[in-house]
Amino acid sequence: MTSLAIRRGTPAFIRANVAFFLSAFSVFASLYSVQPLLPMFAQYWVRDAGTASLALSATTATMALALIPASLLADRLGRRTLIVGALLLTAILGCLLPFTQVWWQLITLRTLMGISLAGVPAVAMVYLSEEMDADALGYSMGLYIGGTAIGGMAGRVISGVLSDFLGWRLGTGILAGLILVAAIAVAVLLPQPRQLLRDPIRLGELWRRCLASFSDAALPWLFASSFLLMGGFVTLYNYAGFRLALPPFALSHSAVAAIFLVYLLGSASSTWAGALSQRLGRRKVFWALVAMQGVGVVITAVPSTPVVIAGLGVATMGFFAAHGVASAWVTRRARIGKAQASAIYLVAYYLGASILGTLGGFAWTRWGWPGVMLVSGGAAFLALLAAIRLVFIAPLSMPESTPEPTSMD
């Protein structure tokens with residue numbers, strides 16, 4: 001890092017962290033606001049669970065496909081411009097959602113929202129990696145991931161509770177208004193980049209940078225872990241609402257939405273794991289965090305409301321902690337095309353949510369909760385195998401992107 005890096009405790013550090021927390025909050029509140037509404041959509045639009053899940057899967061799928069183009073656009077326009085523009089466009093699309101009259105209109109808006117949402121995660125981690133001082137990066141990355149946890153939680157709880165009492169149209173409309181306010185705040189607070197303003201590249205160079213990620217020994221395993229962890233995690237929460245609405249649980253929509261408060265555990269665990277990985281090294285903690293998610297999935301097999309909630313809590317802590325460590329690891333391992341490596345990681349992340357999330361719906365329809373556990377738990381097991389493989393991959397012979405006081409690999 002140069003002397004221009006944002007140092008911990010400075011006004012720029014505070015502004016940047018608040019802005020990125022709000023950005024993460026807005027993206028994931030928008031993305032997951034429909035998740036607790038899937039049972040409601042299935043009833044309102046007369047769809048099965050797998051088809052109803054398209055309200056979320058369509059967004060994550062288009063988000064995945066738009067991430068690499070968004071990283072290319074960011075290199076041309078600048079990271080700050082893309083982040084602010086993406087948030088404002090997402091808020092506008094969210095405000096239109098309550099006015100949909102038929103199922104395909106809702107899916108179309110959610111599909112377009114996936115494209116706009118891609119602008120933030122495609123460059124957020126790279127912005128932090130480039131702008132933050134080495135001593136501040138772990139905290140800032142953990143806080144950003146924590147913002148994704150709180151945003152995902154708030155989006156689900158606000159839309160779920162409000163929709164239970166006011167209907168899904170008004171519930172989603174109020175949430176869209178809150179996201180618009182957050183987007184304006186980000187536009188005011190986010191500092192201009194100091195390390196890199198423009199890096200325009202041609203398609204051939206973009207392809208070369210993407211291929212460079214797959215020549216690294218560790219990055220492909222991190223990409224695979226991303227697909228599996230996110231896919232299993234989204235599957236777990238997609239259909240927990242369907243299960244908990246049935247006997248012996250028979251919870252209301254508001255009660256099911258309130259369960260997403262366990263996301264607060266994810267926010268805390270991601271920040272804690274970021275600091276822990278700086279002290280001990282990512283190899284020593286990543287596999288244990290992945291295993292924690294798998295243990296949480298297994299716990300949900302017990303047909304007791306408190307135990308199911310506890311299992312969701314354990315899985316949430318493991319997922320966000322593992323994701324925080326892995327995402328920071330990607331930006332450190334990438335020697336060429338950091339933005340593209342980060343984008344590939346997130347392509348895998350959201351493709352996992354889309355593919356496994358929809359697959360879990362058909363597993364739920366056919367086999368009930370054991371089918372959901374097969375998809376979610378199986379993904380966690382495969383991710384654990386990838387994490388164990390990462391333990392035996394040697395660190396880079398030179399510091400990963402920037403020198404740090406302790407090994408970050």
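The values are calculated or read from the model by the stated rules, or taken from the named source; none is laboratory data. Quantities reported herein were computed from a predicted structural model and do not represent experimental measurements. All Cβ positions, even for glycine, are placed from backbone atoms using ideal geometry, and neighbour counts span all protein chains on display.
Key figures for this structure:
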| read-out | value |
| --- | --- |
| Those residues of the stretch 347-390 which are buried (at least 19 other Cβ atoms within 10 Å of the Cβ) and not in a helix (DSSP H, G or I), in sequence order | none |
| Residue ID - nearest to residue 30 (Cα to Cα), chosen from residues in the stretch 129-138 that are part of a helix (DSSP H, G or I) and touching a strand residue (DSSP E or B) at 6+ places or on another chain (Cβ under 7 Å) | 131 |
| Top-ranked residue in the stretch 391-409 [being in a loop (DSSP other than H, G, I, E, B) and at pLDDT 70 or above; ranked as farthest from residue 311 (Cα to Cα)] | 396 |
| Every residue from the stretch 314-335 that is among the aliphatic types (A, V, I, L, M) and buried (at least 24 other Cβ atoms within 10 Å of the Cβ) | 315, 317, 321, 322, 325, 326, 328, 330, 334 |
| Qualifying positions in the stretch 116-137 - more than 22 Å from residue 72 (Cα to Cα) and surrounded by fewer than 24 Cβ atoms within 10 Å (Cβ to Cβ) | 133, 134, 135, 136 |
| Selection from the stretch 46-86 of residues that are among the β-branched types (Val, Ile, Thr) and surrounded by fewer than 23 Cβ atoms within 10 Å (Cβ to Cβ) | 46, 51, 62, 68, 81, 84 |
| Residues within the stretch 116-138 that are out of contact with any Leu (no Cβ under 8 Å at 6 or more places or on another chain) and either without any contact (Cβ under 8 Å) to a residue 60 or more places away in the chain or among the β-branched types (Val, Ile, Thr) (or both), tallied | 1 |
| The stretch 265-288: number of residues that are in contact (Cβ under 8 Å) with a residue 40 or more places away in the chain, over 30 Å from residue 247 (Cα atoms) and either outside any helix (DSSP H, G or I) or among the aliphatic types (A, V, I, L, M) (or both) | 5 |
| Elements of type helices (runs of 4 or more DSSP H) in the stretch 203-264, at least 1 residues being basic (Lys, Arg) and closer than 26 Å to residue 305 by Cβ | 219-244 |
| Inter-residue pairs, beta-carbon under 6 Å, first more than 16 Å from residue 275 (Cβ to Cβ) and in a helix (DSSP H, G or I) and in the stretch 139-153, second at pLDDT 85 or above and among the hydroxyl-bearing types (Ser, Thr, Tyr), 6+ apart | 152/32 |
| Residue in the stretch 260-280 that is modelled with pLDDT of 90 or more, surrounded by 16 or more Cβ atoms within 10 Å (Cβ to Cβ) and within 25 Å of residue 393 (Cα to Cα) present | no |
| Failed criterion for residue 207 (all others in (1) more than 19 Å from residue 32 (Cα to Cα); (2) touching a residue at least 12 places away in the same chain (Cβ under 8 Å) hold) | (2) |
| Check on residue 163, of a type in the set (S, T, N, Q) and more than 13 Å from residue 17 (Cβ to Cβ) | yes |
| Wholly enclosed helices (runs of 4 or more DSSP H) of the stretch 27-127 bearing at least 2 residues at pLDDT 95 or above and in contact with a Phe, Trp or Tyr (Cβ under 6 Å, 6 or more places away or on another chain) | none |
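Results for (1) at negative phi; (2) at pLDDT 95 or above; (3) crowded, with 16+ Cβ neighbours inside 10 Å, shown as yes or no for each residue.
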{"residue": "189", "(1), (2), (3)": "yes, no, yes"}
{"residue": "198", "(1), (2), (3)": "yes, no, no"}
{"residue": "212", "(1), (2), (3)": "yes, no, yes"}
{"residue": "229", "(1), (2), (3)": "yes, yes, yes"}
{"residue": "238", "(1), (2), (3)": "yes, no, yes"}
{"residue": "242", "(1), (2), (3)": "yes, no, yes"}
{"residue": "251", "(1), (2), (3)": "yes, no, yes"}
